[in-house]
Amino acid sequence: MAVIILNWNGEKFLEQFLPAVCQYSEGIAEVYVADNASTDGSVEYLSKKFPHIHIVRNPKNGGFAYGYNASLKHINAEYYILLNSDVEVTPHWIEPVLKLMDSDETIGAVQPKIKSFSNPEYFEYAGAAGGFIDVYGYPFCRGRIFDTLEKDEKQYDDDKEIFWATGACLFIRGELYHRLGGFDEDLFSHQEEIDLCWRMKLLGHKVMYCGASEVRHYGGGMLPKSNPFKTYLNFRNNLIILCKNHPSRTLLWKIVVRMVLDGIAAIRFLLQGNSKDSLAIIKGHFDFYGSIPKTLRKRKVLKTQDLKPASCIYKRSIVKKYFIENKIYFSQLNSQDFT
């Protein structure tokens, strides 16, 4: 088993969070830092303070997807644990997940409970208690729908099949990662884990949440939560993965619906005074349209395989439930509305 921390100019996070990773992984997993051509002294710091840590040096900063794809070519392990540099791990964070994965060979990936580092009574935005998508491809989580975060009251201490597991702390079978071709590097960063999990589920593998394992995510370590580039990546990438993985029968009209809903989101940002985020959504759409020929080629390759129906999709609109019907907590959604 290998823990791989992707780093880009994150010396302050390595200094703060790496000691606990080493402490609570000792005897269970080898620890690697995959560095995306940092210029802040990260590598020098690691060499001096953590000489026992394995360092994989990538020649450029090609984002989250490239960074892991390039580094994992050099790491051989039955299980990979992909861990953000701004995540605080806790005692026994590995053992429950390992037990869960060993219990069922069809489980391809697992995420632990993701809590907020700054406010640890609450779930954290990136992953919370496991990810889902709605009928139009919008992602949300148990414990977090849009910007509403739930307090952890042990309501999600279970093991649960989910649609996607967060890349902030992703346990994945090494052989499966490579068989899937890793992350889609055209996405650069954001939602590449949703794409990977979607492809995994189409091949008949489960994605799980393990409530007995807990980590705390600082959040915004590479990009702040409010950032037009992040907005651009999220909207563009979500459309790409929808076009790439969604069944053909209803894909076209769902893209049309997304044009309308994303347009409303752009107007909402504009009315809030966030013109840069509004423009980021528009740019994301135009870049998605330009990417369609390449995305369809990837889709064609995927469709040559023996695909299974993807489970854990919410058959309603989470936008409607949240903004119109005021269903802001996961428990307010009807469990029968999930595939």
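Checking Ala37 against (1) of a type in the set (A, V, I, L, M); (2) on the phi > 0 side of the Ramachandran plot; (3) out of contact with any strand residue (DSSP E or B) (no Cβ under 9 Å at 6 or more places or on another chain), which test does it fail?
(3)
Which of the residues that make up the stretch 132-175 are open to solvent by 30 Å² or more (accessible area, probe 1.4 Å) and hydroxyl-bearing (Ser, Thr, Tyr)?
Result: Tyr136, single match.
Please verify whether the stretch 237-259 includes one or more residues that are part of a helix (DSSP H, G or I), within 30 Å of Glu88 (Cα to Cα) and in contact with a His (Cβ under 7 Å, 6 or more places away or on another chain). Give the steps one after another, and end with the answer.
Going residue by residue through the stretch 237-259, those that are part of a helix (DSSP H, G or I) are 237-245, 248-259.
Now drop any that are not within 30 Å of Glu88 (Cα to Cα), which leaves 237-238, 241.
The next check asks that each one be in contact with a His (Cβ under 7 Å, 6 or more places away or on another chain); those that pass are 237.
Yes: the stretch 237-259 contains one or more residues that are part of a helix (DSSP H, G or I), within 30 Å of Glu88 (Cα to Cα) and in contact with a His (Cβ under 7 Å, 6 or more places away or on another chain).
Could you tell me whether the stretch 57-71 includes any residue that is closer than 19 Å to Asp152 by Cβ, open to solvent by less than 10 Å² (accessible area, probe 1.4 Å) and touching a strand residue (DSSP E or B) at 6+ places or on another chain (Cβ under 8 Å)? Give the steps one after another, and end with the answer.
So in the stretch 57-71, the residues closer than 19 Å to Asp152 by Cβ come out as none.
No - not one qualifying residue is present in the stretch 57-71.
Give the stretch 176-210 a look and list any residue that's in a strand (DSSP E or B) and open to solvent by less than 10 Å² (accessible area, probe 1.4 Å), or say none.
Initial filter on the stretch 176-210 (in a strand (DSSP E or B)): 206-210.
Answer for the stretch 176-210, where residues must be in a strand (DSSP E or B) and open to solvent by less than 10 Å² (accessible area, probe 1.4 Å): Val207, Tyr209, Cys210.
Which count do you get for residues in the stretch 2-19 that are open to solvent by 20 Å² or more (accessible area, probe 1.4 Å) and either of a type in the set (D, E, K, R) or out of contact with any helix residue (DSSP H, G or I) (no Cβ under 7 Å at 6 or more places or on another chain) (or both)?
Within the stretch 2-19, residues that are open to solvent by 20 Å² or more (accessible area, probe 1.4 Å) and either of a type in the set (D, E, K, R) or out of contact with any helix residue (DSSP H, G or I) (no Cβ under 7 Å at 6 or more places or on another chain) (or both) number 6.
Could you check, for the stretch 228-236, whether at least one of its residues is over 21 Å from Cys141 (Cα atoms) and part of a helix (DSSP H, G or I)?
Initially, the stretch 228-236 is screened for residues over 21 Å from Cys141 (Cα atoms), giving 228-229.
Among the residues that remain, those that are also part of a helix (DSSP H, G or I) are: 228-229.
Yes, the stretch 228-236 contains a residue that is over 21 Å from Cys141 (Cα atoms) and part of a helix (DSSP H, G or I).
Hey, could you check the stretch 85-130 for residues that are β-branched (Val, Ile, Thr) and open to solvent by less than 10 Å² (accessible area, probe 1.4 Å) and say which is nearest to Gly67 (Cα to Cα)?
Here is the first cut: in the stretch 85-130, the residues β-branched (Val, Ile, Thr) are 87, 89-90, 94, 97, 106-107, 110, 114.
Those left that are additionally open to solvent by less than 10 Å² (accessible area, probe 1.4 Å): 87, 89, 94, 97, 107, 110, 114.
Details: Val87: 17, Val89: 21, Ile94: 23, Val97: 24, Ile107: 24, Val110: 20, Ile114: 22 Å.
Among those that are β-branched (Val, Ile, Thr) and open to solvent by less than 10 Å² (accessible area, probe 1.4 Å), it is Val87.
Examine the stretch 240-247 for a residue that is under 16 Å from Phe64 (Cβ atoms), surrounded by 14 or more Cβ atoms within 10 Å (Cβ to Cβ), at pLDDT 95 or above and under 23 Å from the mean Cα position of the chain (by Cα), and state whether such a residue exists. Lay out the reasoning, then the answer.
First pass over the stretch 240-247, keeping only residues under 16 Å from Phe64 (Cβ atoms): 240-241.
Within this subset, residues satisfying the condition of being surrounded by 14 or more Cβ atoms within 10 Å (Cβ to Cβ) are 240-241.
Of the ones still in play, those that are also at pLDDT 95 or above are 240-241.
If we keep only those that are under 23 Å from the mean Cα position of the chain (by Cα) too, we end up with 240-241.
Within the stretch 240-247, one or more residues are under 16 Å from Phe64 (Cβ atoms), surrounded by 14 or more Cβ atoms within 10 Å (Cβ to Cβ), at pLDDT 95 or above and under 23 Å from the mean Cα position of the chain (by Cα).
Scan the helices (runs of 4 or more DSSP H) fully inside the stretch 40-154 and keep the ones with 2 or more residues being touching a Phe, Trp or Tyr at 6+ places or on another chain (Cβ under 9 Å). Walk me through it before giving the result.
On the way: elements: 42-49, 63-72, 95-103.
Per the criteria, 63-72, 95-103.
Looking only at the stretch 142-180, how many residues end up being without any contact (Cβ under 8 Å) to a residue 24 or more places away in the chain and over 14 Å from Ala126 (Cβ atoms)?
4
Name the residues in the stretch 146-179 that are in contact with a Lys or Arg (Cβ under 8 Å, 6 or more places away or on another chain) and hydrophobic (A, V, I, L, M, F, W, C), would you?
Ile162, Phe163
Can you say whether Leu296 is open to solvent by 40 Å² or more (accessible area, probe 1.4 Å), among the aliphatic types (A, V, I, L, M) and within 25 Å of Tyr209 (Cβ to Cβ), as far as the supplied structure shows? Before the answer, list the steps.
Working: open to solvent by 40 Å² or more (accessible area, probe 1.4 Å): yes; among the aliphatic types (A, V, I, L, M): yes; within 25 Å of Tyr209 (Cβ to Cβ): no.
In short, no.
The values are calculated or read from the model by the stated rules, or taken from the named source; none is laboratory data. All of these numbers come straight from a predicted model, not from anything done at the bench. Please note: Cβ atoms are built from the backbone with ideal geometry, for glycine as well, and neighbour counts cover all protein chains shown. With ligands, DNA and RNA removed, areas are computed over all heavy atoms of the protein, side chains included. Shrake-Rupley method; radii C 1.70, N 1.55, O 1.52, S 1.80 Å.
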